[in-house]
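Right, one structure below, let's go through it.
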Amino acid sequence: MMVDFVLNGRAVSCDAPANILLLDLLRSELGVLSVKRGCEQGECGACTVLLGGRPVNSCMILAARVEGRSVTTIEGLRDEPIMVALRKAFMEGGAVQCGFCTPGMLISAYALLRDNPSPTPHEAKTAIEGNICRCTGYALPLEAILKAAEMTPAE
Ligand code: FES
Ligand code: FES
């Protein structure tokens, strides 16, 4: 089965099994290893990507469903001011420990700050409620997201 879609702003065409998940298409076929394989049940958020701009769990989506659509991972957001601020805030705030949850959490946080540049603590908490972190206890990532909101220049 051919899947044609846009990955991080570039058109890709991929020959893949008909039942392959988006998570596996990204990791195994396209080598995008920032997208993590955690629970594979839609529970942990480690596999979060943007599909058409919205955060989704790529382990819950057949690759065939992204035909003609746009998929974004953290690689595609490298130079986005919001992501730059998030990375800086996460690093300086000690919000990364093992880092397994971090790409997915950054995607969720990016989507939050893109749509809501000045979130409340509750809104930030809600935005990452689908991203399980076994290391940090969430306090430092939440602080980092709110810090990044302060650092991000107004559009
Ligand atoms: S691996 Fe997809 S939600 Fe856990
Ligand atoms: S930093 Fe280890 S799972 Fe979040």
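The values are calculated or read from the model by the stated rules, or taken from the named source; none is laboratory data. What you are looking at is a predicted structure, and each value in this text was computed from that prediction instead of being measured. Positions of Cβ are backbone-derived with ideal geometry, glycine not excepted, and every protein chain shown enters the neighbour counts.
Computed values, structure above
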| read-out | value |
| --- | --- |
| Residue among 126, 120 that is among the β-branched types (Val, Ile, Thr), more than 12 Å from the chain's Cα centre (by Cα), under 14 Å from residue 45 (Cα atoms) and surrounded by fewer than 14 Cβ atoms within 10 Å (Cβ to Cβ) | 126 |
| Only one of 146, 106 that is modelled with pLDDT of 95 or more, more than 30 Å from residue 16 (Cβ to Cβ) and outside the structural domain of residue 10 (by TED's automatic domain parsing) | 146 |
| Single match in 39, 44 (criterion: within 16 Å of ligand 1 (Cβ to nearest atom) and loosely packed, with under 15 Cβ neighbours inside 10 Å) | 39 |
| Among (1) surrounded by fewer than 23 Cβ atoms within 10 Å (Cβ to Cβ); (2) outside the structural domain of residue 10 (by TED's automatic domain parsing); (3) away from ligand 2 (no atom under 16 Å from the Cβ) - the single one residue 70 does not satisfy | (2) |
| Filter result for residue 86 (in contact with a helix residue (DSSP H, G or I) (Cβ under 6 Å, 6 or more places away or on another chain), of a type outside the set (Gly, Ala, Ser) and within 16 Å of ligand 2 (Cβ to nearest atom)) | yes |
| Check on residue 33, out of contact with any Leu (no Cβ under 8 Å at 6 or more places or on another chain) and more than 9 Å from ligand 1 (Cβ to nearest atom) | yes |
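Yes or no, residue by residue, for (1) at negative phi; (2) assigned to a strand (DSSP E or B):
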site	(1), (2)
4	yes, yes
17	yes, no
24	yes, no
31	no, no
38	yes, no
45	no, no
50	yes, yes
82	yes, no
